[in-house]
Amino acid sequence: MYGAKYVGRLDGGTVPMERFVVKSSEVVTKGDWLSIDTAGLVDVAAADELLLGVANETVTGDGTKTVEVILALPGTKFLMDNDNDTETFAIGDQGELHAITGTTGIQQVDTNSDSEAPSNTVNQLLCLKYNPQGYLGGIYDADTSIGLYTPVGTYFVSNYTE
């Protein structure tokens with residue numbers, strides 16, 4: 001599984017969605033984590049960037065096209081697959097912070113980037129649950145590389161600076 005799958009909020013509320021203009025020639029795939037570039041346009045987020053949210057549709061930008069974004073508000077829950085590159089995702093990852101890895105259409109959680117202290121230059125997601133059973137109709141229940149995450153390195157958290 002690639003990309004982030006929205007599954008709700010910790011407080012049971014709804015997540016606001018907004019439309020943002022996509023950078024020219026940027027391919028944004030549904031489920032990609034997004035950021036804002038220096039020109040104020042949306043692009044696919046990297047491990048060292050603050051998160052704006054997750055693309056809710058696939059768009060190729062031309063500087064005027066917009067993409068609907070599920071905002072990365074604190075408490076928003078997403079299912080994501082872990083890359084298991086060198087370090088294997090395990091129950092001990094619950095409560096740790098991780099970065100994203102990969103480009104458009106193939107983003108996953110970087111299991112090698114875990115830490116217990118927030119950093120806007122490395123860790124963007126807090127692991128809430130290892131192998132969370134029952135989300136999205138249980139279709140990922142047997143996949144132990146799936147985790148439940150909430151964003152912490154976002155534009156919506158006041159103690160992060162870029």
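Contact order for the chain, expressed relative to its length and based on alpha carbon pairs under 8 Å spaced 6+ residues apart, stands at 25 percent. Accessible surface computed residue by residue for region 35-162, with neighbouring protein chains in place and a 1.4 Å probe, gives 42 Å² per residue. Result for the chain in a Gaussian network model with C-alpha springs under 10 Å: among N112, N82, N56, the largest mean-square fluctuation is at N112.
What number of lysine-lysine pairs in the chain show an alpha-carbon separation below 12 angstrom, given a sequence spacing of 8 or more or placement on distinct chains? Please list the in-between numbers first.
On the way: K5/K30; K5/K77; K23/K65; K77/K129.
Summing the qualifying lysine pairs gives 4.
Whole-percent P(r), the chain, all Cα pairs, 10 Å bins from 0: 12, 43, 36, 9, 0.
Using label points projected 7 Å from each Cα along Cα→Cβ, tell me how many nm separate T86 and Q133, to one decimal. In this crude label model, T86 to Q133 measures out at 3.3 nm.
Taking all protein chains in place and a 1.4 Å probe, what share, in percent, of the accessible surface of region 72-143 do carbon and sulfur account for?
Of all accessible area on region 72-143, carbon and sulfur atoms account for 52 percent.
The values are calculated or read from the model by the stated rules, or taken from the named source; none is laboratory data. Only a predicted model underlies this, so the values are computations on that prediction, with no experimental measurement involved. Note that we place each Cβ from the backbone using ideal geometry, even for glycine, and neighbour counts take in every protein chain shown. Note: areas computed on protein heavy atoms with side chains; ligands, DNA, RNA excluded. Shrake-Rupley method; radii C 1.70, N 1.55, O 1.52, S 1.80 Å.
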